[in-house]
Every structure is written in structure tokens, then in C-alpha cells.
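The values are calculated or read from the model by the stated rules, or taken from the named source; none is laboratory data. Since this is a predicted model, take the numbers as computed values, not measurements. Counting neighbours? That spans all protein chains shown, and the Cβs are built from the backbone with ideal geometry, glycine included. Side chains are part of the model used for accessible areas, which takes the heavy atoms of the whole protein and leaves out ligands, DNA and RNA. Shrake-Rupley method; radii C 1.70, N 1.55, O 1.52, S 1.80 Å.
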There are 4 protein chains.
Amino acid sequence: MERKVLITECADAQGLITKITGVCFSHQLNIIKNSEFVDNVQGRFFMRAELEGEFNDSLILTDLEAVLPDSSRIKLVNTDKKRIVILVTKEAHCLGDILMKAYYGGLDVEIAAIVGNYQNLQPLADKFDIPFHFISHEGCTRVEHEKKIVEVIKEYEPDYLVLAKFMRILTPEFVEQFPNRIINIHHSFLPAFIGASPYRQAWERGVKIIGATAHFVNNCLDEGPIIKQDVIPVDHSYSAEDLAKNGRDVEKSVLSKALQLVVHEEVIVYGNKTVVF
Amino acid sequence: MERKVLITECADAQGLITKITGVCFSHQLNIIKNSEFVDNVQGRFFMRAELEGEFNDSLILTDLEAVLPDSSRIKLVNTDKKRIVILVTKEAHCLGDILMKAYYGGLDVEIAAIVGNYQNLQPLADKFDIPFHFISHEGCTRVEHEKKIVEVIKEYEPDYLVLAKFMRILTPEFVEQFPNRIINIHHSFLPAFIGASPYRQAWERGVKIIGATAHFVNNCLDEGPIIKQDVIPVDHSYSAEDLAKNGRDVEKSVLSKALQLVVHEEVIVYGNKTVVF
Amino acid sequence: MERKVLITECADAQGLITKITGVCFSHQLNIIKNSEFVDNVQGRFFMRAELEGEFNDSLILTDLEAVLPDSSRIKLVNTDKKRIVILVTKEAHCLGDILMKAYYGGLDVEIAAIVGNYQNLQPLADKFDIPFHFISHEGCTRVEHEKKIVEVIKEYEPDYLVLAKFMRILTPEFVEQFPNRIINIHHSFLPAFIGASPYRQAWERGVKIIGATAHFVNNCLDEGPIIKQDVIPVDHSYSAEDLAKNGRDVEKSVLSKALQLVVHEEVIVYGNKTVVF
Amino acid sequence: MERKVLITECADAQGLITKITGVCFSHQLNIIKNSEFVDNVQGRFFMRAELEGEFNDSLILTDLEAVLPDSSRIKLVNTDKKRIVILVTKEAHCLGDILMKAYYGGLDVEIAAIVGNYQNLQPLADKFDIPFHFISHEGCTRVEHEKKIVEVIKEYEPDYLVLAKFMRILTPEFVEQFPNRIINIHHSFLPAFIGASPYRQAWERGVKIIGATAHFVNNCLDEGPIIKQDVIPVDHSYSAEDLAKNGRDVEKSVLSKALQLVVHEEVIVYGNKTVVF
């Protein structure tokens, strides 16, 4: 008995659930968990089903295509661990949380490699025997830097790239190579405090709550589809440094949770938003 | 076009979603929103569907019974406002929140009457022209007191009773007359601080968070199925009175939200728990 | 025995707490509660003391001035209820919460009057016998409209103006007449979604958390000093209308809490921020 | 210039702040941060001051004793890193979080050693070059087991013991040797679900929120003074295992925060409660 996840997205219509679950039933697949969502504004239907049984993938897909509207997006994927490459700069907390969870439970990923534009996190990677590639951004253009990174990444054939406090802005050329496959943690409650030094911005504004946002990266800075957000209360006594210090636990927890949702196939991107089942 | 909610609960089996949605489809009912849950431990299947279309209730139910396992529980209900009777003692905040939301939006209920064992909330009821019945518990036994209350309640034929800080313990005889139809707010994060003076208990224990719990009432004090809970942070500087004062916003918000979930048919009771869709 | 609150703000220096509490001690005032804060960036000292005893205000102030740096701001205020005038448009929930708490506990204010640019909340004001002034914005310029409002407000000599979902932008001329005395509730987690239709903006952005912000009004739209913020989780299934509906409980709770902090003299404005003791 | 923390606890009286800060002032110590609390029920005064300057400890203490009531508790401590020994059983997440924060920032502790009653966390300790002592509880009585543990602990002369998911109940004899120096994380929102398998208990009760509690250990199981608590929302779809999985992030974050509060001397134990400044 295998387990797979079936994701369907199509124009809304009557009878979709009957038709899709009917195909599953005809293949004697058991539905472990099922979730649907209809966006009434755009008339789109979304469904995620966790299935158990013996899978004849191509036959199932053919049967589904036969009953669904044209230009439906259907995805039948296994629930194996996903391969990720992590990009970091200097901060250890998000990387450390992913390492701990990948090794001791909580995150169904295989960390293929870590790429850093500083060298200081090499020892942390070494502790867990993960290849660490130090690729400095100094002495080269942004395009050259990214070219070197992409070369390394492609060798590892990752399913997803995780920006675990990678503090470089990526060019559209880079991003386009990994559509909806780059997950970033931004250290603010987006769309508040886009861009550099969000904690300093938050301190200057005198907010009473700070947050973190995990999102897919697209070509607009900090504007990609949001996967997960969380916040903590703060007060006037926090300096900008205190905000940063206290924000770390939220950052790492939001990034890890978002990543787990993505690798579990619980996130569907559509337009600039996500459906998170 | 009408809207109804279909609730199904039965032994788990393959093909249930196909069968149920198939019946809906055959009646040309559109599924606006659908939720399922399987309790794998007990092998129970739960489904809630919001339907739109022309309803032939008895035919739909017959068709559903034909495809579902024996002893399934099927409920097809309209989404009209539910009638409630509110029981209160002295505190105004929960009652006030329900009144405001019933009159200005946020709670799809019709308040048939208010019953109080003190008289001090009569003026609040009067402001909204709701019949207020003052039924003192003094000079009569618990059984006699409840008998008087039941007499008044029954006249109004309410769908639900709401205990909006009604500080009397109800006898099993009372509770049995309204199975899964009495909603209480307990001013603690159950199962912590069952019984009297939970804020004082919380203060004595020195907790750093307090909460409130809305639950259906059964025959064990504060042990009925939980519908909704919420909490707020507190610290050493709060006296027991401060805890009570600060807890009021949580109490009223939790009770109102639980009530709205119940009247929207989003809550299924099974055993001593709830499925909240 | 009386109770008063002493607020001190001055340039930071050694010995300030000793000097200030020394004056209190010499006047045989008991310190019930004391809070201090030093802004190290700007070198400012803030202190709030709740005092109990017999007060010779002018003597105490003279004694304090004698020991404190030049241009210190010293305020010795009683803890009587504050008078407020509430401005509303069409939505009832914030107004209702303030009314309930003013009448049944939780908010130490006396509501002098309500001003509405629509008439629909008149009946709610009537229930509580509060004068309601309907001042339509139609058929007059913004300046004329505000002039009429100011005339009404001034009659009541309020300590604070509360914008309980008053959906009009105030001119600098209006705001200047009530410096740090106008409290607004903005239905977003500022500085996200400044301006009109924040819930629609939030829906379009696909955020996973929404919030509300209570702040003093200054001359930049939604940019005044923040007093209090809170948030609730949401997901893809919420329409813009659902966001608005679910946001109401947060809005009213944040506004009422901010107002209570202000009337309790727990909020000190400095620059564009607040110290909230 | 040094930094120290002054903690004072004594019977409440007029003029205490003046007297204490007066002594600080006379020693030319700058008060960086100051917090006071009066428990009006028991008439106890608590104060914590962060001081900067040149310290003549014994003279300062003598001066303080001279002005304070008899039997005051006065503590003047430096802000160096505290030494801890961590006790674990099988779960890695709390240990991992402490290790990461001790090495990469967020926790001002020096981890002297780790003691485990299973061997599986040895490799994690090795990664960070921390001595790991495997002391099995098998084949020996509880008293014998603890004796072995105490022997190891005492060698390291730790300031605090941290039970990072150490799943053994400690005897009074053990606890008495480290009064208010053992910090435990309990995986429930105490006082709910005391004792074994709190997540299973939570699942059986059908709660809608779960939590974690960090507390000092005393001789009543899970009844020691609470330092920090936090919660997360859950729903009917969570199995007991899901609750445990999702609770881990809260457990580790609560334990680390509590530990940091303790090592920063921000926690005062009195009776069965804590003042957390």
C-alpha cells in the first residue's frame, strides 16, 4: 500500500468532487484526508486528497482528465522526502532549526547542500556532515555571483531552495529558474516593512507586535505568495536589537512550518496567493 | 435558490464522499463548501456540505440512506437564524456582546428571552426590548428553581440555551431536557480550574496565561464537549480581580464565536468531543 | 486618602528615581505601583507612579521641579473618569463595546456625546441615553463639516475624542485642536494597509494574519503614535467580507484596551511613539 | 565599568524605592533598568535593578541592609554566563534549541554537561563537543539512579539543572539538593494535564488549544512555580501524535525563554509563584 497526494485545480463546476473522488473510488484508492476550496471571485476549484492504495498513475490521470474541465491542473505526487538546498548568509537560527528538524524529526526533507556567502556557518554544516559551499559575493557582480550559486545548486537537483536568512536580493534571472520553488523568510509581518532592516523600521514606527513571513520568491521584492505568518508582542522597551533577537524564534518557526507545508504538498500557489490546506 | 447544510456521520468506508456528493449532484445541488474528517481511531466519518439549489428534503434523505451504511446520522438543515434563550446571573459582558451581535451583525440568532436569577440585568434586556424573566433561586430548592426556569424556557421553544455567565450548577434532570443544546462559557482554560472561582485558582497557582472555554453542558461539571477556547497572557502583577477583569473580553468573544459556530451547523458532537468544521 | 498618578519625562541623568521617589516619600505618599523606562538612544527618562496619600499638588510639583533637570515634563493627575466624545460612521461594534464597558465596567470613561455622520447609530445611542448628534458630511465641504463637529464637541469639553470607526479623514486643522487627544482604531496591522479598505488590501495580498491598530491621530494618515495592536489568524478561505467580519472583535477589543490605557494615564506619547506602562 | 543586577525582596514599607536607589546613587551606580512589584495581599516588596558602575559589593550590601527592614533578601549578582547541566531522555528538540542558542546566540549559558538516561542523544552532544553522560535507569532503583546522576552533576558545579524533556520523576531527596535551581518543561498548559502523557490526555479531552509550561521543580509533581507558558491552537483533526509533534516548537521556545529569564536574574521565586520582571 502506497500513499500519494492528488492536487486538482480547475474552473469551478457542479459535480467536481463527485467526479474526482469517483475516479479515486474506481481505482480502489482510500481517501485518508480531503480538502476543497472554491474561490468564488475567480471561479476556481481546488482540491487536495491524501490517497492510499495501489497506484497506476498514468491511468488515474487519464481517467481524471476525462471527467475534468479542459486546462485543469492535476498533480499526483508521492510523499517521499523532498530534497532542498539551503542558502544562508551569517545568521544560524533558521538553518539550525531546519538541521535539527531534518535530523531529529519535524521536517520531511533531505538537505542536499548549504550555500553561504559568508564562511561562518561552515562549522554548523560540518557538524551535520552537510556539504557547505562558500561562494562570496565580493569581487564579482550580482549576476556572476548568482551564476556560481546556480551551478552549485543544479548539481544537487533540489526540489526546493530555502533562503534561511539569505540577505541578498535575487535577480529575476535567478528566480525564473526556480518558479515557485524558492521559499524565503522575511523578518517582518509583510506587507509591513518591506526591504532592508525591517526590525529597525519596526522600532522607528513604534509597533507593538512584530512578525515574520514565509513566502515564495517572485520578481518583486518581498511580494511573493505568502505561505505562513506569525507574530509576537513587543513594547516600547525593546531596542531594534531586542526586536531582532526576539524575532528569531518566530522566524525559524515560521520558516520551518512553511517548508513542511510545502513539502507535504499542502500549499497551492495561484496568482500571488496560496491555498494552504 | 435555497441554501442548506448537510451533515453526515457514519462508520468510515471507501467511497463515502463520492456517494454523498453523487446524491447532491443528482439533485443538481451546488456544493458551496465541503469539509470532511475521519476519526481513524474510532473509524468514524464526518462530513459537512453547504448546498445551494432546490431541495426536496425527503427525497434527498432517502437517496442518501440508500447509499450510506446503516445507522448513519444524516441531517439536512436550513440556515435560518436560530432561536436562543439566554440564562444570566449578574455579569453583563457576555450578554451584552450577544445582544450587540444579534442586533448589529455577527451572530445569526434571534434572542427569544433572557432568564436571570438576579434582577440587575433587566435594564440591559429592556434596552433591546427582550423579555427578561427574573427567577430568583432564593427560597426554593435547586429542583424547584430549575422547574420554574424550564417552564419559562419551554414557552419560547428555543433551539439552544446559552449560559452567559449563569453561575448556577444545573442538575442532570435539567441538562437531559436539552441534550447538546446548552452552551456554557467557563472562565478558565479547561480542564484547568474546573468549578468555582477559576480566576482565584489561577491567581493562586501563578499561571502566566488565562483563558476561557465554551462547551456544551453535560452531566459532569465543566466536562462537556469543548467548542472553542482562547487565552490571554497575564503576569505576576495581576490580582485575582485583575484576572477576572481582563478575562471578560476573552469570555465574551469565545462564547459568541462558539455560538455562531453552533448556529451555523459547523459543530458536530460525538462522544465527549466536537468536530468543528 | 486620595490616589493620583505622577508622570515624569526628562533628560536621563543619575539619581532621578531617588530624587522623584524622595519627593514622594517626603510628602508621605505611598507608591502603589511604579514604572520607569529609559530611551538610551535619545537619552530620555520616563516614569509613572501611582501614589496614595494627601496631595498638596503645587508643593509637590515645586519640589519635583527643584530636583529635576530643566524642561522636564511633570504631570500629577487624579484618576477620575475621563470625559470622551465618540465619533462614528455606520458600524456599531466599537461603539457598542465602549457603551457596554462604560456602563457595566471595564472602561473608566463618561461618554459625553456621540457624533455620527450617518443616522443609523442614533437608536443605539438612545438605548443608553447618550446625546447623539447627526452631522451629515453631505452638501458641505470637509472644512465646513468639521467646523460643525468641532462646535458640538467643544460644548462637551471632552478629555479625549474616540474615533470608533469614523470613516472620514480629518484635516490638520481639526487634528491640531486636539493634540494627542484623538484616538483612532484602524482596521489593519499598521503600517500594513494604510488608508482605505484595508481588509480588501489584505485579501488581495493573501496575508495569513489580520490585525487592528489603535493610535493617536496626527497629521499623517494612519501614521500617529501606536498605542495597541492585536491580530487574528485567517486563511485562503476568507473573502474580504469574511476578513472584515472576523476583524470586528479585534478592532473593538484593541480600541477599548487602548482607551482604557490612555484614561488610566498609562500612555506617554513622545515623538511618534508611545511608552505604555 | 561593570554591570550587575540587584534583587531586593522585603516586607512592604514606605520609601523603599527611595532608600534602595539612594544607596545605588550614593555609590555612583547608574540604574539601566528598574522594576518593582508589590504583592498587596502578602505585603511583600520586590525590586530588580540593572546597575552599571564600579561595585564595592560588601559595602553596597551593608548600606542596603542598614536602610531596609529586617529579614530582607538582598542579592547583588554579576551578569556572567551561568553554567548549566542538561538532563534528557530521548527527545532532541529542547536540547537542540538550547545547544543552538548557547552556541549561536540567544541564551547566556555555558553547557557544562548533558546527562541522559538513554544513549540516543550522545551524537547530538558530540556535535557540539559537550560531555555526555549516559546513566541508564535500568537495573537500579530510583534512588540509586539519582545518586549516580547527582555525582556527575556535582562535579560540574552547575548554577542550574535544565530538564529538557527528562521523563523521570525526581525524588524529594534529589530536588532538595537544588532548591529553585531545577527548571523543567512540562508539555501541557499547567495545571491542565499533570503527569504522564499530557498530549494523550489533551486529545482525549478534545481541547482546542495545547500548551507548554516551564517551571521550577519542587516536590509536588508539575506543581512548582511557573516561569513561562505558551500555547498553540489545535483542532479535532489532530491525533495525539499530531499534538505531540506540533507541541515541540512551543516546548522548546518556552523552555529556552524561561531559562534565559532565569539566567538574566529576571525571575524571583516566592512561595509557589514567580515574579518575572
**Asked** Among the listed residues D:E65, D:E110, D:E54, which satisfies the condition of being more than 30 Å from C:L16 (Cα to Cα), of a type in the set (D, E, K, R) and open to solvent by 50 Å² or more (accessible area, probe 1.4 Å)?
**Response** D:E110
**Request:** Could you tell me whether D:I84 is closer than 25 Å to D:R168 by Cα, β-branched (V, I, T) and in contact with an Asp or Glu (Cβ under 9 Å, 6 or more places away or on another chain)?
**Result:** yes
**Pick from the stretch B:239-262, criterion within 12 Å of chain D (Cβ to nearest Cβ) and over 19 Å from B:V85 (Cβ atoms), ranking: most open to solvent (accessible area, probe 1.4 Å)** = B:E241
**Prompt:** Looking only at the stretch A:197-213, which residues are under 24 Å from A:V267 (Cα atoms) and at the interface with another protein chain (Cβ under 9 Å from one of its Cβ atoms)?
**Reply:** A:G211, A:T213
**Message:** A:L87 - would you say it is more than 19 Å from the chain's Cα centre (by Cα) and open to solvent by less than 70 Å² (accessible area, probe 1.4 Å)?
**Reply:** no
**Prompt:** What number of residues within the stretch D:165-193 are outside any loop (DSSP other than H, G, I, E, B) and among the hydrophobic types (A, V, I, L, M, F, W, C)?
**Reply:** 5
**Message:** Quick test of your reading of the structure: B:H133 fulfils all but one of (1) out of contact with any Leu (no Cβ under 9 Å at 6 or more places or on another chain); (2) part of a helix (DSSP H, G or I); (3) more than 30 Å from C:N246 (Cβ to Cβ); (4) not polar (S, T, N, Q). Name the failing condition by number.
**Reply:** (2)
**Asked** Condition test on A:E176, is it within 14 Å of chain C (Cβ to nearest Cβ), open to solvent by 10 Å² or more (accessible area, probe 1.4 Å) and among the acidic types (D, E)?
**Response** no
**Checklist (1) small (G, A, S); (2) under 30 Å from A:N40 (Cβ atoms); (3) open to solvent by less than 10 Å² (accessible area, probe 1.4 Å) applied to A:G271, failing item** = (3)
**Message:** Take B:D230 and tell me if it is assigned by TED's automatic domain parsing to the domain that holds B:Y270, of a type in the set (D, E, K, R), at pLDDT below 95 and closer than 25 Å to B:I182 by Cα.
**Reply:** no
**Message:** Under 9 Å between Cβ atoms, which residue pairs at least 6 apart in sequence (or on different chains) link something in the stretch C:69-89 that is within 24 Å of C:K19 (Cβ to Cβ) with a partner that is hydrophobic (A, V, I, L, M, F, W, C) and open to solvent by 90 Å² or more (accessible area, probe 1.4 Å)?
**Reply:** none
**Request:** Assess whether A:I135 counts as being aliphatic (A, V, I, L, M) and outside the structural domain of A:A258 (by TED's automatic domain parsing).
**Result:** no
**Request:** Please determine, by comparing only the residues of the stretch D:113-141 that are surrounded by fewer than 14 Cβ atoms within 10 Å (Cβ to Cβ) and over 27 Å from A:E91 (Cα atoms), which one is nearest to the other protein chains (Cβ to nearest Cβ).
**Result:** D:Q119
**Request:** Answer yes or no: is there a residue in the stretch B:87-105 that is out of contact with any strand residue (DSSP E or B) (no Cβ under 8 Å at 6 or more places or on another chain) and more than 11 Å from every other protein chain (Cβ to nearest Cβ).
**Result:** no
**Request:** Check D:L261, D:L243, D:L190 and return the single one that is assigned by TED's automatic domain parsing to the domain that holds D:L170, within 19 Å of B:R205 (Cα to Cα) and not aromatic (F, W, Y).
**Result:** D:L190
**Yes/no for C:Q28 being of a type in the set (S, T, N, Q), assigned to a loop (DSSP other than H, G, I, E, B) and at the interface with another protein chain (Cβ under 9 Å from one of its Cβ atoms)** = yes
**Item:** Selection from the stretch D:1-11 of residues that are more than 24 Å from the chain's Cα centre (by Cα) and either part of a strand (DSSP E or B) or within 9 Å of chain C (Cβ to nearest Cβ) (or both)
**Value:** D:E2, D:A11
**Request:** Go through the stretch D:31-51 and count every residue that is assigned to a strand (DSSP E or B), open to solvent by less than 40 Å² (accessible area, probe 1.4 Å) and in contact (Cβ under 8 Å) with a residue 24 or more places away in the chain.
**Result:** 12
**Complete:** Only unsatisfied item for D:L95, checking (1) closer than 26 Å to D:T171 by Cβ; (2) out of contact with any Leu (no Cβ under 8 Å at 6 or more places or on another chain); (3) not small (G, A, S), is (2)
**Message:** Between B:H236, B:H186, which is modelled with pLDDT of 95 or more and within 19 Å of D:N272 (Cα to Cα)?
**Reply:** B:H236
**Message:** From the list C:L64, C:L16, exactly one residue is more than 30 Å from C:L161 (Cα to Cα) and in contact with a helix residue (DSSP H, G or I) (Cβ under 7 Å, 6 or more places away or on another chain). Which is it?
**Reply:** C:L64
**Message:** So, B:T21, is that one open to solvent by less than 30 Å² (accessible area, probe 1.4 Å) and not assigned by TED's automatic domain parsing to the domain that holds B:L259 or not?
**Reply:** yes
**Asked** Are any of the residues in the stretch C:145-155 within 14 Å of another protein chain (Cβ to nearest Cβ) and either within 24 Å of C:D80 (Cα to Cα) or at pLDDT 95 or above (or both)?
**Response** no
**Asked** For the stretch C:142-164, which residues satisfy the criterion of being open to solvent by 70 Å² or more (accessible area, probe 1.4 Å) and assigned to a loop (DSSP other than H, G, I, E, B)?
**Response** C:E157
**Prompt:** Can you name the residue in the stretch D:228-238 that is open to solvent by less than 50 Å² (accessible area, probe 1.4 Å) and either more than 8 Å from chain B (Cβ to nearest Cβ) or more than 17 Å from B:H236 (Cβ to Cβ) (or both) and, of all such residues, is nearest to the chain's Cα centre (by Cα)?
**Reply:** D:V231
**Asked** For A:H264, are the conditions met, namely being within 14 Å of A:A164 (Cβ to Cβ), touching a residue at least 12 places away in the same chain (Cβ under 8 Å) and in contact with a strand residue (DSSP E or B) (Cβ under 9 Å, 6 or more places away or on another chain)?
**Response** no
